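Encoded as structure tokens, the structure appears first; notes follow it.
Every read-out reported here was derived from the displayed coordinates using simple, explicitly stated rules and does not represent laboratory data. Bear in mind that the values here come from a model prediction, so they are computed numbers and not experimental data. Every residue, glycine among them, receives a Cβ derived from its backbone with ideal geometry; neighbour counts consider all protein chains shown.
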Amino acid sequence: GTLLLDGGDVKAAALDLMSELDRAGAITYLPRSDRDYAVSLGLEMLKIRHLVEEEDGLLRINEANRHVLDYYANSIEHLLPPAAGDGRAAPTSATPSSAPTPIVVPAKAETQTLGKGRASAESR
């Protein structure tokens with residue numbers, strides 16, 4: 001069956017992941033310099049692009065577009081500490097303990113990719 005996740009739980013997991021990325025020294029882009037806003041915006045973008053669907057306040061991955069979420073997740077995996085990265089290496093095998101990652105990581109991937117690109121351009 002399809003796993004539905006509470007939007008609040010997904011946001012909490014995303015904020016935890018952002019903290020992990022900070023501890024690992026990753027450069028993150030935060031719209032309005034506000035983590036909560038960045039996560040909310042990221043989730044809205046995922047919904048607009050039909051990567052994530054919301055029903056009665058619960059979120060689920062749109063399986064037809066999972067490959068895009070996997071791409072996003074893989075694009076930032078190298079930024080995570082090895083122990084955390086190992087737990088997220090296979091976003092396609094969603095289980096209750098790993099399921100928030102495919103939803104959350106892509107939101108980060110969009111902001112991480114922007115931040116990383118900007119950092120690369122500034123460092124040249």
Exercise. Quick one: if you stick a label point 7 Å off each Cα along the C-beta vector at residue 40 and residue 4, how many nm between them?
Worked result: 2.3 nm
Exercise. With a ≥ b ≥ c the root eigenvalues of the C-alpha gyration tensor of the range 26-72, is it rounded (a/c under 1.5), prolate (a/b larger than b/c) or oblate?
Worked result: oblate
Seminar exercise, completed: The extension gain from residue 47 to residue 24, computed as 0.36 nm times the residue separation minus the Cα-Cα distance, is 5.5 nm
Problem set entry | Gained length - residue 16 relative to residue 74, 0.36 nm times residue gap less alpha-carbon distance | 19.1 nm
